[in-house]
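Input: a single structure, listed below in structure tokens.
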Amino acid sequence: MNNLKEQILALQSISGNLEPTEQERDHFLEKTKNYTNHFINTLDSSKTFETKKVNAERLSVNNEKRSIEEVLNIYASEVAETGMKPASGGHLGYIPGGGIYASSLADYLADITNEYAGMYFASPGGVTIENHLIDWMKSIFGFPSTSVGNLTSGGSIANLIALTAARDKHRIKNAIIEKSVIYMSPQVHHCIHKALRIIGLEDVQIRYLELDDNSKIIAEDLKDKIQVDKSNGLNPFVVVASAGTTDTGAIDPLEAIGEIAKANNLWYHIDGAYGGFFVLIDKVKNKFKGLEMADSLVIDPHKGLFLPYGLGAVLVKDKQAVYHSNHYVANYMQDAINEDFPVNPADVSPELTKHFRGLRLWLPLLLHGLEPFQACLEEKLLLTTYFREELKKIGFKLGPEPDLSVSYFWYPSTTDENEFNERLIQEIHKDGEIFLSSTLINGKFVIRMAILSFRTKLETIDRAISMIDRIRKEIEFEMNNNHES
Ligand SMILES: Cc1ncc(COP(=O)(O)O)c(C=O)c1O
């Protein structure tokens with residue numbers, strides 16, 4: 001054998017380790033399945049938040065081989081048992097979702113087959129699945145079939161794609177940037193600001209709109225501010241509304257804002273990352289009236305459809321506006337380009353090669369049908385009402401009636417209220433049984449509850465109530481004792 005062949009074969013005997021045998025695959029799968037089953041089976045009895053420190057050394061990469069047992073052990077103690085447990089129904093902070101099991105099977109399939117879902121030429125089936133999901137969303141949210149959309153890694157990138165399209169549609173570049181105005185609520189998610197910086201619009205003028213007592217944009221204020229800006233020679237070009245803010249879950253008056261946007265030729269963007277999928281519930285559907293007027297809409301299946309992290313979505317009515325930045329023809333892609341092909345995900349997103357993430361929504365929808373998702377969303381609305389009623393019974397004050405499943409509360413302590421509630425959240429985190437987060441509403445420190453995990457059940461809320469009540473009493477007891485001594 002010649003020297004070159006010998007060298008190749010020598011390397012092959014080592015590189016071949018990257019393709020485990022069927023027996024090894026079974027072994028890896030069996031161990032992983034055992035661990036994940038144990039993880040799910042013990043979720044209810046484990047903490048939702050762990051203050052334990054990570055042993056970073058154990059997580060380091062030192063180029064050495066380890067057994068699957070050792071790797072799973074490290075994962076369990078240093079990753080799954082530290083910090084927040086987003087898979088738990090006890091996660092009532094930020095915006096939870098849970099992470100339905102069926103998506104993990106889809107990710108497994110997508111990873112094994114490694115479909116190239118960026119271009120129709122490479123994966124006609126994969127891209128058809130993603131396009132069907134986009135069409136499905138268009139029909140849910142009242143977008144015309146000529147709209148385009150993309151399945152993104154999450155809400156931030158989805159918002160970025162939408163705002164880029166708005167920028168390009170209105171040709172916001174060069175000298176006009178500083179004269180251009182974007183209108184939004186002060187409670188808009190911060191990824192909107194990040195997106196503006198990333199797409200070169202850091203210097204646009206941002207007008208924060210007045211909010212009513214329920215933290216919703218006052219539409220008249222938008223009208224007034226646009227008039228003032230126009231008369232000052234400025235260039236109003238975008239208004240952002242939220243279909244469920246992160247802070248309080250407020251749905252802005254979508255229809256009224258839409259009418260003002262149309263009358264003034266503004267790009268109308270709606271961020272429905274948290275709240276959008278509640279449109280599937282008849283009793284709250286009317287709150288979303290006007291959603292269909294948007295030029296672009298963001299919705300997040302990894303929030304409102306309970307998927308594991310890694311799936312957001314954006315819909316945009318103007319295909320050319322999205323294509324302006326994202327559609328590209330390169331010589332080395334010539335085989336893959338055919339005008340008769342359906343829309344390629346790569347033409348509506350900065351990504352070319354991407355994870356075949358559509359499968360993680362398609363497979364659960366096919367395995368379960370839509371009904372359990374709808375039941376789950378409605379269940380969350382009722383659990384929110386229940387939580388609030390129970391909190392009231394134990395002496396807490398409540399923020400306004402929420403539109404959806406995010407709301408806030410505080411304890412009206414006779415001592416400094418902000419200090420007391422800050423202490424309360426710290427102790428809640430230390431305890432860890434249930435996880436809640438906090439925010440500031442008009443300078444007031446309040447505790448937020450966001451009920452959106454598919455695993456949050458009546459029993460979870462009962463546990464949350466007794467934990468909050470117990471911790472509140474402990475703090476008061478300690479304060480009284482300190483005061484007396
Ligand atoms: C209303 C809203 N928009 C956008 C985002 C950002 O989404 P992501 O974290 O998926 O990037 C969030 C996240 O909570 C959100 O609540």
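The values are calculated or read from the model by the stated rules, or taken from the named source; none is laboratory data. Being a predicted model, the structure only gives us computed values, none of them experimental. Heads up, the Cβs are rebuilt from the backbone with ideal geometry, glycines too, and the neighbour counts pull from every protein chain shown.
Restricting attention to region 283-323, which residues are more than 16 Å from the ligand (Cβ to nearest atom) and either small (Gly, Ala, Ser) or not assigned by TED's automatic domain parsing to the domain that holds HIS355 (or both)?
GLY290, ALA321
Can you tell me how many residues within region 261-290 are of a type in the set (Asp, Glu) and assigned to a helix (DSSP H, G or I)?
1
Output the number of residues of region 414-443 satisfying the condition of being in contact with a Leu (Cβ under 9 Å, 6 or more places away or on another chain) and either in a strand (DSSP E or B) or small (Gly, Ala, Ser) (or both).
So the count comes out to 3.
Residue-by-condition table, conditions (1) assigned to a helix (DSSP H, G or I); (2) touching a strand residue (DSSP E or B) at 6+ places or on another chain (Cβ under 7 Å); (3) within 30 Å of ARG455 (Cβ to Cβ); (4) not small (Gly, Ala, Ser):
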position	(1), (2), (3), (4)
ILE8	yes, no, no, yes
LEU11	yes, no, no, yes
ASN34	yes, no, yes, yes
VAL61	no, no, no, yes
LYS65	no, no, no, yes
GLU69	yes, no, yes, yes
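Can you confirm whether ASN159 is part of a helix (DSSP H, G or I), outside the structural domain of ARG463 (by TED's automatic domain parsing), crowded, with 23+ Cβ neighbours inside 10 Å and within 16 Å of the ligand (Cβ to nearest atom)?
Considered against the rule, which asks whether it is part of a helix (DSSP H, G or I), outside the structural domain of ARG463 (by TED's automatic domain parsing), crowded, with 23+ Cβ neighbours inside 10 Å and within 16 Å of the ligand (Cβ to nearest atom), ASN159 comes out as yes.
Would you check if there is a residue in region 234-243 being assigned by TED's automatic domain parsing to the domain that holds THR146 and out of contact with any strand residue (DSSP E or B) (no Cβ under 6 Å at 6 or more places or on another chain)?
no
Which condition number in (1) crowded, with 16+ Cβ neighbours inside 10 Å; (2) on the phi > 0 side of the Ramachandran plot; (3) without any contact (Cβ under 8 Å) to a residue 40 or more places away in the chain is the one that GLY83 fails?
(1)
From the list GLY275, GLY244, GLY249, GLY258, which residue is of a type outside the set (S, T, N, Q), buried (at least 16 other Cβ atoms within 10 Å of the Cβ), away from the ligand (no atom under 15 Å from the Cβ) and within 30 Å of LEU370 (Cβ to Cβ)?
Exactly one residue qualifies, and that residue is GLY258.
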